[in-house]
Every structure is written in C-alpha cells, then in structure tokens.
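Working notes, structure below.
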Amino acid sequence: MEQPRRITDSFPRRRRRGPGRPPGRLKGRKDKDKDKDKDKVQLKVRDCPRAASQPPPDPALMEMLRRFDLSWEYGPCAGITRLQRWERAQELGLSPPGPIRDALLEHRDNPDVTYRWVWDGMGW
Amino acid sequence: MFSEQAAPTAQGLLAPPAGEPPTFPRVAVGGYSDCSQPFQLGERSFSRQYAHIYAVRLAGMRPRLERRARGRWGDDIALRRLSELQEGEKCCVVGTLFKAMQLQPSILQEISEEHNLVPQPPLPKYIQPCDELMLEDELQRIKLEGAIDVQRLVTGTIVAVLGCEQDDGRFLVEDHCFADVPPPLPWSGPSSDRFVLLASGLGLGSVSGEALLSTQLLVDVVTGQLGAEGEQSCAAHITRVILAGNLLSQNTQSRDTINKAKYLTKKTQAASVEAVKMLDEILLQLCTSVPVDVMPGEFDPTNYTLPQQPLHRCMLPLASAYATLRLVTNPYQASLDGVRFLGTSGQNISDIFKYSSMDDYLEILEWTLLAGHISPTAPDTLGCYPFYKSDPFILTECPHVYFCGNAPRFQSKLLQGKEGQRVLLVTVPDFSATQTACLVNLRDLSCQPITFSSFGADSED
C-alpha cells in the first residue's frame, strides 16, 4: 500500500531559500521540481515535451542562450523561436555564433531551450 | 492602337456579309512566370509583434543604403550608429524614419469614450505643419531637422542622412538619400507588338449601373466582338488582361448586419454575393478568350492586411473552370513575355497620399520606386502581416512595368535609371469612375488609355 497522497502533492515543490537571498524564481530549480513532481503523483499527466529521463540542460548553456537572446545585433527576440531567430540572422549576414545552433538542435524538444527566456515578472 | 489601324476598315461595316468571315487568332502567349511567391502566405500566425518587420527591413536595406551613401558623399564618410554619435562630428546615419503626426488616427483616442471625445472623422490628408521627423535605428532615435522635407516623407522609409548632432540633441541634416532605383533586370521583351490591358476598380455591385455598359464594352473589345475587322485585328494583339483590384464596389461593404436589428437583416443577402456572381459572368466571357489575372483590392472578399491573398476559386465557379483565369495576390509580380510586371491595387499609394504632402499618384509611385520599398507605411498605418524573416515589400530588382490600381486618373511615365533601368510607371484609373483602362505595349514599353464612354441620361448630346 503506497503512502497516503495529499492534494498538495500536485503542487510543485519549492526548495527553501537561504537567508539573505532575494525572493524570486530560482533558475535551474524548476527542472528538478518537475522531475520530483512526476515521481510522486501517479496521475495521467499530459505528455510533457521533455521526457523525464533526459537530463536538464546545462546552466552554462542556458546562460549562453540568454545572452544570444539579449544581444541586439540579431534583432528582436520576442515571439519567435531561437532557431528561427538564428536562421534569420544567418540569412541577413549577421554571422551568429555556430555553437548556438548546434545547442538548439540538440535540445530541440526542450521548450526552455527553443523558446526565448521569459521574464515572469519576478526580479532577481 | 485601335484608332489608327481600325479607321481604314470602318467601311467594311456597311458592306454585305462576306462568304467566309476573316478570323484573327489571338497572338500566342509568350513566356509567363509568376514571381509573387514572397507575397503568398502559407500558414499565418498573428502572435508576433511588428518589431520584426521593421528590424528586417532596416537590416535588409542597410547595405544598399551604405553603398549609396558612400557613392554620393565620398568613400571616406563616417557611417555611424545613433549610439556612436559624437556631438558636432559630421557623419552619416542609416535608419528608419518615423513621422510624429498630431492628426494620425490612434486607437487610443478612439477608445477614450470616458472623456466623451468624438472620434476623429476620416480626413483626406493627416499632415500638419507641426509634424516632426525622427530617425530610428536598432537601439535609439533622434529628432531630425534641416534639409529634409518633413511634409513629404512618411513613416517606415529607410533613409541615410548626412549631418551632425547638435548640442540640444537633434540631428541637423545637410543631405539625405534613399536606396534609389534597384538594379536592372535584363530585357528580353517581344519584338512585335504585344499588348497587356490593365484595368482596375470595376466596381461591381454599386447602386448605379452606369459603369456596367462600359464594362461590357471593355469585355467585347477584348474578345473581339466589337468593331470592324480593324478593331478585331487590333484586339487580337492583346495577350493578357490584368484586373488590379476593387472588382467589387465600396457599396458592397455595408455594415448593415452589424448596425441594424436582426429581424431586418435576417433574410437579406450580403450585397457582395450578387456582385461576385456578376463578376463571375464577366470573367467567364473574358476567360474564354484571353488569359486574365485577377488581383484583389480594398473592397474585395479577401483578407484586409497586405499582402492580400488571392480570391478563392469557389466564388467564381463558372470562370475557374478555365485555366486562363489566374487568381493572384496583391501586390502582384510576374514575368510576361520577358517583361517584369509589378503592381498593387493602390492601397499603398493611397495610404502614402494620406500621410504625405505629395498629391500626384504618379509622383508617389515614382517615389516608392526611388525609396526602394513598395509600401513603407505598412504596418504603421496600413495593415500588414507580421513578417519576421524578411520584408517582401523591399524592391530588390527593378521591374519593367510598375503599376498601381484605383488611381483618380490615368498617368504614365517612362523612367530612365542611372544603371540603365527602364521602368514604365502607370497609374491605372478607377474604371467605375473614369471608364478608362490602359493598354501597355510590351515591345517598346509605351502605354495608352482606352476609354469606353456611353451616352448617359444626363449628357448633353
């Protein structure tokens, strides 16, 4: 007989912050929370585009992608996928860095990678 | 074309019928290729903002403008971005123009009902002496003053300005230049007389049926059922008919179903249904005889934003059975017999007319060619699809015939460019108002109007 389940099990678990850290979304934590959540609840979840078995992307990679988003030379980043933006920059002759494209194709099914970094209103 | 060749044979109309009536086969269709793929939208997504189209427009036209600036003001001119400007240094900046107009209709003013303000009525022109021009590049913007005509220019044009920044933060312009006429296309036109008929603004479905007789006369002339042998032999040289928009009249756009009560409008049919049936019958007569290209216009049942997609063939069941009917986009680009045609139904020119001091449609048409962009005011004041990858309205090659439909009157001009470009600029008049269509001769790029006037009830003789 498994452990008794609570309704709060379906909510994402948050790590406790250390003292002195500002409130806000902890980058990188979100991936681990989702994985933990899947283990606990055995409901029929919607097919998540990122399979639980795939490792979460490297924070250094996410940082590089974020810098690619915010560099103004390649045009606006809102509303299009990063791969579309990279290809547009390539066609306009702005020579975007090649490793970014390789990383985008490698993690094609990860929505955190393909779409631009979303500002969710909570600062850090 | 018709008068000088037809006159000698006019006597033939009074002769008894000949045993074997002469036939005039229509000249064979030369090469035709449709070049409007950039204007055809596949899957459409409106979840993007318009910043992308401005960014690609600037990035796409910047190299050409930098070359023009160097050619005009010397190779050693300093090309700077706005963020690198030094006060007092003479340099050249490439950017997008923005004109701040007080009278520009704004959606925010329209929804300010709580202030009990009446929304601004539509005006013929929205320019005012106090309008200001600003130059924007990827990051910053700066106010322009000096040798630049604020009233004439419109938002969205890519321009290169030469001048220096003042200490009050404005840029004093000494000279400015546009992208100029695009590079020429090789000429491979026909060696004999071939004509293309350009007509626009048929205006079917309008309340008055006066233009219907003129439309029928036009169809009869093109299909060779009008006139003596001279006219028929001339009509056999027409290889194509292009209908440049506004096939339906503005009256078919009534918003009765929204304004009136439901019980009044329940059984009524939209006026455009009857008008499209009439259009189908007219196109059927034309298509049996000559290839026809139908472009949608402002009042036609297709999408509102540029580029307008072709009319759907299910609306024209009789005419779409023929392969000679081609439903095309607005703007339309095609290569007919080696001659490149590019044209719109006139929304771009009339929008520039509203926001600029230029009054002449031909002058505006020429200006868009010199600015290197079909419709710079899109998407600011003219609806446009949010492109993100490339701006298809940038002129990359110089067409041989550049036309716009629904102009107030017929005008044409042969423009010679510096690199050997030869462009025939044609403003096709509104047929329902002027009963005039244009015949373009592909051999020597000449154009003449042809008017179908009839004696109405209120004419003198």
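If r is the Cβ-Cβ distance from B:Q109 to B:T23 and R0 is 60 Å, what FRET efficiency results, to the nearest 0.05? The value I calculate is 0.40.
With both labels modelled 7 Å from their Cα along Cα-to-Cβ, the B:R422 to B:C164 distance reads 4.7 nm.
Per residue, region A:59-115 exposes 51 Å² of solvent-accessible protein surface, assessed with a 1.4 angstrom probe and all protein chains in place. Remark: spin-label model distance B:L414-B:R141 equals 4.4 nm, labels positioned 7 Å along the Cα→Cβ axis.
Computed from the C-beta positions of B:E66 and B:K267, the FRET efficiency with R₀ = 60 Å rounds to 0.45.
Rounded to the nearest 20 debye, the dipole magnitude of region B:238-311 is 420 debye, with +1 charges on Lys and Arg beta carbons, -1 on Asp and Glu beta carbons, and the Cα centre as origin. Which of the residue pairs B:K99/B:K354; B:K90/B:K143; B:K99/B:K143; B:K143/B:K389 have a Cα-Cα distance greater than 18 Å in the structure shown? Over 18 Å apart, Cα to Cα: B:K143/B:K389. Can you bin region B:316-402 into rounded, prolate or oblate? Criterion: square roots of the alpha carbon gyration tensor eigenvalues sorted a ≥ b ≥ c, rounded for a/c under 1.5, prolate for a/b above b/c, oblate for the rest. Taking the square roots of the gyration eigenvalues as a ≥ b ≥ c, region B:316-402 is prolate. Expressed as a whole percent, the accessible area of region B:337-436 that falls on carbon and sulfur atoms is 47 (1.4 Å probe).
Per residue, what accessible area does chain B have, given a 1.4 Å probe and all protein chains present, in Å²?
Using a 1.4 Å probe on heavy atoms only, each residue of chain B averages 46 Å².
Name the residue farthest towards the positive end of the dipole of region B:314-461 from the options B:G338, B:L316, B:Y385, assuming +1 on Cβ of Lys and Arg, -1 on Cβ of Asp and Glu, about the Cα centre. It is B:G338. Summing both sides, the accessible surface hidden between B and A at a 1.4 Å probe radius is close to 1100 Å². Residues of region B:351-398 that lose at least 30 Å² of accessible area (1.4 Å probe, protein heavy atoms only) when the other protein chains are present, relative to their chain alone, are B:Y388, B:K389. Accessible surface of region B:73-204, 1.4 Å probe: 51 percent of it comes from carbon and sulfur atoms. In a fully extended conformation the segment linking B:E132 and B:Q86 would gain 14.3 nm over its present Cα-Cα distance, using 0.36 nm per residue. What a 1.4 Å probe finds exposed on region A:59-115 is 56% carbon and sulfur by accessible area, rounded to a whole percent.
First measure r as the distance between the Cβ atoms of A:D69 and B:E43, then evaluate 1/(1 + (r/R0)^6) with R0 = 22 Å and state the FRET efficiency to the nearest 0.05. Taking R0 as 22 Å, the efficiency between A:D69 and B:E43 is 0.35. Taking 20 Å² as the minimum loss, tell me which residues in region A:72-94 lose that much accessible area going from the chain by itself to the full protein complex (1.4 Å probe). So the qualifying set is A:W72, A:P76, A:A78, A:G79, A:I80, A:Q84, A:R88, A:E91, A:L92. The contact residues of region B:23-61, meaning those that lose at least 50 Å² of 1.4 Å-probe accessible area when all protein chains sit together rather than their chain alone, are B:H52. The residue among B:C438, B:I352, B:Q232 whose Cα reaches farthest toward the positive pole of the charge dipole of chain B, with charges on the beta-carbon of Lys, Arg, Asp and Glu, is B:Q232. By the gyration tensor of its Cα atoms, with a ≥ b ≥ c the square roots of the eigenvalues, what is the shape of region B:360-461: rounded for a/c under 1.5, prolate for a/b over b/c, or oblate? Because a/c hits 1.5 or more and a/b fails to exceed b/c, region B:360-461 counts as oblate. The dipole here belongs to chain B: it is taken about the Cα centre, uses +1 on the Cβ of Lys and Arg and -1 on the Cβ of Asp and Glu, and is about 1140 debye. In region B:37-79, a dipole from Cβ-located charges (positive for Lys and Arg, negative for Asp and Glu) runs towards its positive end, and of B:W73, B:P38, B:G60 it is B:P38 whose Cα lies farthest in that direction. Region B:66-80 and region B:186-217 have their alpha-carbon centroids 45 Å apart.
Here the dipole of region B:239-363 is about 660 debye; that uses its Cα centre as origin and unit charges on the Cβ of Lys and Arg (positive) and Asp and Glu (negative). Centre-to-centre, using Cα atoms only, region B:400-427 and region B:322-396 are separated by 13 Å.
The values are calculated or read from the model by the stated rules, or taken from the named source; none is laboratory data. What you are looking at is a predicted structure, and each value in this text was computed from that prediction instead of being measured. FYI the Cβ positions are ideal-geometry reconstructions off the backbone, even for glycines, and counts take in every protein chain you see. Ligands, DNA and RNA are stripped out before the accessible areas are found, and what is left, the full protein with its side chains, is counted by its heavy atoms. Shrake-Rupley method; radii C 1.70, N 1.55, O 1.52, S 1.80 Å.
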